[in-house]
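The values are calculated or read from the model by the stated rules, or taken from the named source; none is laboratory data. Since we're looking at a predicted model, the values are computed, not measured. Neighbour counts are summed over all protein chains in view; Cβ atoms, including those assigned to glycine, are modelled from backbone coordinates with ideal geometry. For the accessible areas, the whole protein counts, side chains as well, though only heavy atoms, and no ligand, DNA or RNA atoms are used. Shrake-Rupley method; radii C 1.70, N 1.55, O 1.52, S 1.80 Å.
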Amino acid sequence: MGRIAGRFARVEPRRRARAFVLGLLSELPRKNCWTLAEHAGDANPYGLQHLLSRAKWDADAVRDDIRGFVVEHLHDTAAVLVVDETGDLKKGTNTVGVQRQYTGTAGRIENSQVAVYLAYSTRRGHAAIDRELYVPRSWTEDTVRCRAAGIPDTVGFATKPALAARVIGRALDAGVPASWVAGDEVYGGNPHLRTALEKRQVGYVLAVARDHQITTRAGMLRADTLVKRLPRRDWQKLSAGTGAKGHRFYDWALADITDDQPGHHQLLVRRNRRTGELAFYRCYSATQVPLSALVQVAGRRWTVEETFQSGKGLAGLDEHQVRRWTSWHRWVTLAMLAHAFLAVVRAGEHVRHPGPDELIPLTCNEIQHLFNTLVVRLVHDTAHRLVWSHWRRRHQARSQTSHYHRQPTQA
């Protein structure tokens, strides 16, 4: 918290931010301003709500501090910047950026809010270092709706690949050491993002669809058509890294892409050794690299999924109940800070205390539990718990009365 202390003009919001992050790091079953305020010892949630909405502090500056903190402790010149989006299911139409859209969280079209995140992934660990909220056209074309949600007038429509280019650009401009970018088909199929990375001579391994068009000496071919022309000797069994059950072995092959731009352009193909299922990646590197290097980058993409899982499960990344632009950015930024703390402690413990063979290394879940049990140890008396029970029931009664008054009179 000392790294971000200077981002707050007054001591009160700085202290509330600390209490807020401690609440996010707690083992509360549900994390919102009510539960976090009770955990902090406050008599009501108004102080934390003020922190998210009206207090004077810069969430983007805190984001930059988080990036510096993560890079300092997980530093690796062979790091991979992994970009991906995640959705949070929401009700109603007033929450900023919400609409019916596809989200991988549900695996279908749902009323949801989607954001693009950038994760810094190294052999030591991984954590989110940037975020951009996706604002659909249904919002950007409605000025009144945007202003009601606090969206600045300068914010226009941007596709997810454009948001990805923005967060990657910020990281590279800040001097983040990274050799590669990885992402799924949403980003691999976008030529503007690929061109932007090539201009910076940053290598990428980006997934593409099976019908992605590839330029070869024989002309334009679909990716899945090109695979059928590869001889058997081109396939190699390689590990994409270790998972929960050990090494993840697949068969891999590489084919050259004809491109008049500088650098090496190739199509990487992954084949499941059991089912034969294929996956395709468009690759670029400024200099020639071996197949094994591209495979390792492709295998690192899963770390962003783990970042989402632990960020949501441990730090409340998706549990916000806020509706406005500023509040959303402040919540997710502090959640990123909480998760970055766990990721950095985990990486440090693995280096200092690798542990005996009969124990698995400390996980973020276990670190969170030990931190709350051994370090925080907040204990509130019975009176505090009863005050909160009274406050919740009174607030819910008022809400219920207000709801009934808004209902049309029955004939």
Simple spin-label model, 7 Å along Cα-to-Cβ: His369 to Thr93 in nm? 4.6
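Rounded to the nearest whole Å², what accessible area per residue is found for the stretch 82-150 with the 1.4 Å probe? Write down the numbers at each step before the final one.
Values: 2890 Å² over 69 residues.
Accessible surface, normalised per residue, equals 42 Å².
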Ranked highest first by the average count of other Cβ atoms within 10 Å around their residues, in what order do 253-262, 161-170 fall? 161-170, 253-262
Between Ala298, Ala182, Ala17, which gets the highest mean-square fluctuation from a Gaussian network model of the chain, Cα cutoff 10 Å? Ala17
Can you compute the modelled spin-label distance between Ile109 and Ser138, with each label point 7 Å from Cα toward Cβ, in nm? 0.9
Residue by residue through the stretch 10-22, which ³J(HN,Hα) values in whole Hz follow from phi under the Karplus form 6.51 cos²θ - 1.76 cosθ + 1.60 (θ = phi - 60°), with glycine and proline marked x? 10, 6, 4, x, 5, 5, 5, 5, 5, 5, 5, 5, 4
Could you give the distance between the Cα centres of the stretch 109-174 and the stretch 1-50, to the whole Å? 24
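Ordering Asp318, Asp65, Asp84 from largest to smallest accessible area (1.4 angstrom probe), what's the sequence? Before the final figure, lay out the partial values.
On the way: Asp318 55, Asp65 25, Asp84 5 Å².
Output order, biggest surface exposure first: Asp318, Asp65, Asp84.
What stretch of the chain, leaving out the sites themselves, is the longest with no GluC sites (Glu not before Pro) in a DSSP loop having at most 15 other Cβ atoms within 10 Å?
Details: sites that count: Glu27, Glu141, Glu277, Glu358.
Value returned for the longest uninterrupted segment is 142-276.
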Taking the Cα centre of the stretch 1-149 as the origin, how large is its charge dipole in debye, to the nearest 20, when only Lys and Arg (+1) and Asp and Glu (-1) carry charge on their Cβ atoms? 380
Calculate, in nm to one decimal, what Arg100 and Ala383 gain on full extension: separation in residues at 0.36 nm each, minus their alpha carbon distance. 97.5 nm
Could you state the per residue volume, in Å³, of the convex hull enclosing the Cα atoms of the chain? 196
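Please state the charge dipole magnitude for the stretch 332-393, taken about the Cα centre, from unit charges on C-beta atoms (+1 on K and R, -1 on D and E), reported in debye and rounded to the nearest 20. If you can, show how the numbers build up before the last one.
Details: 6 positive and 5 negative charges, 97 e Å.
Roughly 460 debye for the stretch 332-393.
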Let me confirm the definition first: pairs of Lys residues in the chain, 8 or more apart or on different chains, C-alpha distance under 24 Å. How many are there? 13
Under 10 Å, Cα contacts only: if you run a Gaussian network model on the chain, which one of Pro136, Pro231, Pro191 comes out with the highest mean-square fluctuation? Pro231
Under a 10 Å cutoff between Cα atoms, tell me which one of Arg300, Arg67, Arg108 has the largest fluctuation in the Gaussian network model of the chain. Arg108
Could you tally the net charge around Tyr102, taking each other residue with its Cβ under 12 Å from the Cβ of Tyr102, Lys/Arg +1 and Asp/Glu -1? +1
Rounded to whole Hz and in sequence order, give me ³J(HN,Hα) for the stretch 96-109 from the Karplus expression 6.51 cos²θ - 1.76 cosθ + 1.60, θ = phi - 60°, writing x for Gly and Pro. 4, x, 7, 6, 6, 7, 6, 9, x, 4, 9, x, 7, 6
For the stretch 310-353, with only Lys/Arg (+1) and Asp/Glu (-1) charged at the beta-carbon, what is the dipole magnitude about the Cα centre, in debye rounded to 20? 140
If you rank Tyr120, Tyr102 by how much accessible surface each has, with a 1.4 Å probe, what is the order from largest down? Tyr102, Tyr120
For the stretch 218-234, in residue order, the Karplus 3J(HN,Hα) values (coefficients 6.51, -1.76, 1.60; θ = phi - 60°; whole Hz; Gly and Pro = x) are 8, x, 7, 9, 5, 4, 6, 6, 4, 4, 5, 8, 7, x, 4, 5, 6
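Is the C-alpha gyration tensor of the stretch 156-248 telling us rounded, prolate or oblate? Criteria: a/c under 1.5 is rounded; beyond that, a/b larger than b/c is prolate, otherwise oblate. Mind showing how you got there, number by number?
On the way: a/c = 2.11, a/b = 1.32, b/c = 1.59.
Since a/c reaches 1.5 but b/c is at least a/b, the shape of the stretch 156-248 is classed as oblate.
How much net charge surrounds Gln309 when only other residues with a Cβ under 15 Å from its Cβ are counted (Lys, Arg +1; Asp, Glu -1)?
Details: positive: Arg301, Lys312, Arg346; negative: Asp84, Glu85, Asp88, Glu305, Glu306, Asp318, Glu319.
After counting each charged neighbour, the total is -4.
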Which Cα, out of Ser138, Tyr120, Ile109, lies furthest along the positive dipole direction of the stretch 74-180 (beta carbon charges, K/R +1, D/E -1)? Ile109
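Could you work out the helix-only [θ] at 222 nm for the chain, with each DSSP H run of four or more residues adding -39,500 (n - 2.57) and the total divided by the number of residues, to the nearest 500 deg cm²/dmol? Please report the intermediate quantities before stating the final value.
On the way: 15 runs with 174 residues, N = 411.
Value at 222 nm, helices only, nearest 500: -13000 deg cm²/dmol.
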Distance in nm between label sites at Arg30 and Ser292, each 7 Å beyond Cα in the beta-carbon direction? 5.1
